[in-house]
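What follows draws every value from the coordinates through simple rules; no lab data is involved. Every value quoted in this text rests on a predicted model; they were computed, and no experiment measured them. Backbone-built Cβ (ideal geometry, glycine too); neighbour counts: all protein chains shown.
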Amino acid sequence: MKLLSAFAIGLLFGCGILISGMGDPAKVLNFFDVAGTWDPSLAFVMGGALLVTAIGYRLVFRMHTPLLAQGFTLPTTTDLDAKLIGGSAVFGIGWGLSGFCPGGLVPVLGLGMEPVLTAGAIVAGILTARWMITLGHRQQPAKA
Amino acid sequence: MTDFTPLMSFLGGTLIGIATVALMAVLGRIAGINGIASGFLTTQLNQDWAWRAAFLAGMVASPLIMLGVTGQLPEITVPSSPLLLVVGGFLTGIGTTYGSGCTSGHGVCGISRLSARSIVATVTFVITAGVTVYLTRHVFGG
């Protein structure tokens with residue numbers, strides 16, 4: 001039941017991405033190209049998603065527990081640190097180069113070789129970053 | 001050029017929102033695609049791995065729903081060269097791991113919870129993406 005609902009929600013999320021245009025790098029890059037072939041469509045994606053989620057989350061958090069899980073898994077960090085800002089800055093550069101963000105990429109994986117190539121590079125980046133973070137923790141045992 | 005599609009984009013956005021709310025209501029999880037994929041790549045093959053795999057499989061299968069409804073697969077255009085895709089993808093993986101989130105995790109889930117971290121992250125990656133596109137298209141490219 002858990003897996004079936006996760007699959008169905010993934011389907012819905014993917015359809016949202018495809019209908020909205022977030023899966024099309026040409027559209028994503030044009031959203032950022034204010035000085036050139038600007039296409040403001042993606043602001044409407046954000047608007048629609050935020051409107052529904054902001055209201056929906058408020059209703060969901062009134063429940064004691066999720067329907068099929070023990071509790072809500074939410075981030076607890078609140079630091080506005082260099083890792084957050086530096087990491088996000090680097091992500092933005094990558095997004096601006098490829099036109100693919102992770103959410104836009106997964107639904108179009110089956111539609112061509114370029115998405116698969118990009119996904120391979122993202123996976124390499126994730127694994128490299130995780131390895132560097134683990135290495136950093138090991139080298140500074142006194143701080144931990 | 002791409003067509004300005006405010007209605008379809010808004011509709012797609014609301015579907016993304018409904019899926020995001022549903023994932024929280026049913027499984028109690030944040031719909032951050034990078035986080036879900038990252039956990040899929042590195043956690044053990046247990047219950048926590050299985051829902052991630054099912055969710056990602058649903059996303060990958062979504063073009064088939066579009067095929068069923070519209071009669072054709074969605075089309076995408078990739079303007080960037082393979083080299084830029086690899087470099088951009090690698091930086092995306094590094095950045096979202098250090099920054100703990102991407103457009104869906106910070107931009108939709110986080111901002112909806114009014115998380116200061118997510119607001120700062122989203123403003124940051126939108127600015128650097130904008131600057132990157134400006135530089136590649138109007139300064140170095142052109």
Any chance the stretch B:66-73 includes a residue that's of a type outside the set (F, W, Y) and crowded, with 16+ Cβ neighbours inside 10 Å? yes
Pairing a residue in the stretch A:16-28 that is more than 7 Å from chain B (Cβ to nearest Cβ) and touching a residue at least 24 places away in the same chain (Cβ under 8 Å) with any residue that is small (G, A, S) and part of a loop (DSSP other than H, G, I, E, B), where Cβ atoms lie under 9 Å and the two sit 6 or more apart in sequence or on different chains, gives A:V28/A:G21; A:V28/A:G99
Does B:S100 meet the test of being small (G, A, S), within 7 Å of chain A (Cβ to nearest Cβ) and either part of a helix (DSSP H, G or I) or in contact with a strand residue (DSSP E or B) (Cβ under 9 Å, 6 or more places away or on another chain) (or both)? no
Out of the residues in the stretch B:69-96 meeting the condition of being free of Cβ contacts under 8 Å to residues at least 60 places away in the same chain, hydroxyl-bearing (S, T, Y) and in a helix (DSSP H, G or I), tell me which one is farthest from the other protein chains (Cβ to nearest Cβ). B:T70
Taking the options B:G110, B:G141, B:G99, name whichever one is surrounded by fewer than 19 Cβ atoms within 10 Å (Cβ to Cβ) and not aliphatic (A, V, I, L, M). B:G141
Please verify whether the stretch A:95-103 includes one or more residues that are under 21 Å from B:L27 (Cα atoms), within 7 Å of chain B (Cβ to nearest Cβ), among the aliphatic types (A, V, I, L, M) and within 18 Å of the chain's Cα centre (by Cα). no
Run A:F31 past the list (1) within 7 Å of another protein chain (Cβ to nearest Cβ); (2) under 30 Å from B:P82 (Cβ atoms); (3) assigned to a helix (DSSP H, G or I) and report the number of the one that doesn't hold. (1)
Can you run down the residue pairs with Cβ atoms below 6 Å, 6 or more apart or on separate chains, where the first is in the stretch B:43-54 and over 16 Å from A:L4 (Cα atoms) and the partner is part of a helix (DSSP H, G or I)? B:T43/B:W49
Applying the selection to the stretch B:74-96, what residues are among the hydrophobic types (A, V, I, L, M, F, W, C) and either out of contact with any Pro (no Cβ under 6 Å at 6 or more places or on another chain) or crowded, with 24+ Cβ neighbours inside 10 Å (or both)? B:I76, B:L83, B:L84, B:L85, B:V86, B:V87, B:F90, B:L91, B:I94
In the set A:V106, A:V116, A:V90, which member is touching a helix residue (DSSP H, G or I) at 6+ places or on another chain (Cβ under 7 Å), under 30 Å from B:L64 (Cβ atoms) and buried (at least 16 other Cβ atoms within 10 Å of the Cβ)? A:V106
Please go through the stretch B:31-50 and pick out each residue that is of a type in the set (A, V, I, L, M, F, W, C) and within 7 Å of chain A (Cβ to nearest Cβ). B:A31, B:I33, B:A37, B:L41, B:A50
